[in-house]
Every structure is written in C-alpha cells, then in structure tokens.
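Participant: Below are the structure tokens for one structure; questions will follow.
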Amino acid sequence: MANAKEVEIITRLAREHGVSEEAVRAILDALRRGGGTMAQFTHADFGGMSQWSSGMTMVGDMFNDGLKAKLNAIAGELSKHLGEHAAFLGEDAAQDSGEDHTVSYRSAGPRQAGQWWPQALGDPSSVGSQNNMRYAVFPERRRLVIDDHGRTKTYDTRDHRISGVSQSQSTDSSLTFVSQNGVVRVSDLAHVDDG
C-alpha cells in the first residue's frame, strides 16, 4: 500500500514519463516483491511482461528503446526511494503473485538452504521461478540450470550473457532468455552433464 509520499512520487513519475499511475504502481509493487532492487511485472504501458534490475531492463515491446529508458528511469527512482525507506518494503517483499504469468527473478546472494542446483557451479548470478519451473544462471561457468517439475538439466550458455527471462504461456511452459545476442531458446543450448 502506497503512503502519501509514494502517491506523490507515483503521480509525478507518471506525468514526467507519460505512463499511467497504474503502471508506476505496478513497478513499485514489483520492486517491493523484489526486495527493492529488481522487478518483474506485466502492464500494457510497457508492452506486457517487463523486468528491471540495475544494469538490466527488458520490456514486452523488446526493441522499443524509448520504453526501456522510461522503465529504467522510473524503476531506478523507485528503487532508490525504497532503499532510503526500507520500512516501506514491508510484507510485500515476501509475497508473490500466484498467477501463471508471474516469473520471480532475483539476483542471487550467497548460497541458501534448499539449494537445488549442482554445488560444483557455485553461486548463481540470478535465479527465478514460475509455477513448477525454476532456473539459475552461472555466467562465470557459462551455465544455465533449469529444474522443470523436479527434473534438473544443465545447459552451456556459450557466449550468451543472460539478462532476462520469459516463459511461454502455452502448454509446453518453455523458457526463453534474453542475452546481448537477442532471444535465446533453451532448445538452442547444448545440454551438458556437470555431475
């Protein structure tokens, strides 16, 4: 729930960047769920499913650089606000939408209890999940690990620097990733056995 200061920020950012207040509120809510440092949300003002974290901005309208710049500016300011007012993260930081279109995406910190990826890979740069599928990215090792309904597979990411993810809403629940080379389908990556 936004306080009076946040309502003022939401109104100002919407006006400055030419998006709806609902869109700014969606970013703020997603940032709360992402601990103030990352967001994944769906809103028509940003072309659908979008993601933001420091150094990575992805909008549903993938090649719209103007839209990416708007998201980067809005999310950057809201992230700074939440960082300065950590109490406003509240319980929302621990909640996530149960809707099928929501993918949780976060930077990974030190190894946590319940680690599901191979220990030999170390700590991932980011992890995420949706429904019964989850992934972990290991750029230093050039690996992507996907756990799909309890079956874990490791892939060689080659020269791809993965910066975003989306999941098809079709019945096959396939993940696609975004790198500096564009969209990367898991089916295009070589399956490897890292033990």
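The values are calculated or read from the model by the stated rules, or taken from the named source; none is laboratory data. The structure presented is a predicted model; accordingly, all values stated were derived computationally and were not measured. No Cβ is skipped: glycine too gets one built from the backbone with ideal geometry, and neighbour counts run over all protein chains shown.
Participant: Taking segment 70-87, which residues are touching a helix residue (DSSP H, G or I) at 6+ places or on another chain (Cβ under 9 Å) and among the aliphatic types (A, V, I, L, M)?
Facilitator: Result: L71, A73, I74, A75, L78, L82.
Participant: Of the residues in segment 42-57, how many are part of a strand (DSSP E or B) and surrounded by fewer than 21 Cβ atoms within 10 Å (Cβ to Cβ)?
Facilitator: 4
Participant: Suppose we keep only residues that are within 17 Å of the chain's Cα centre (by Cα) and assigned to a loop (DSSP other than H, G, I, E, B) within segment 8-41. Which one would you say is farthest from W52 (Cα to Cα)?
Facilitator: Restricting to residues being within 17 Å of the chain's Cα centre (by Cα) and assigned to a loop (DSSP other than H, G, I, E, B), the top hit is G35.
Participant: Ok, one more. Would you point out which residue out of T37, T42, T11, T57 is among the β-branched types (V, I, T), in the same structural domain as A75 (by TED's automatic domain parsing) and more than 25 Å from L175 (Cα to Cα)?
Facilitator: Of the residues listed, the single one that is among the β-branched types (V, I, T), in the same structural domain as A75 (by TED's automatic domain parsing) and more than 25 Å from L175 (Cα to Cα) is T11.
Participant: Right, next: Restricting segment 1-29 to residues that are farther than 12 Å from L78 by Cβ and among the hydrophobic types (A, V, I, L, M, F, W, C), which is surrounded by the most Cβ atoms within 10 Å (Cβ to Cβ)?
Facilitator: The qualifying residue surrounded by the most Cβ atoms within 10 Å (Cβ to Cβ) is V19.
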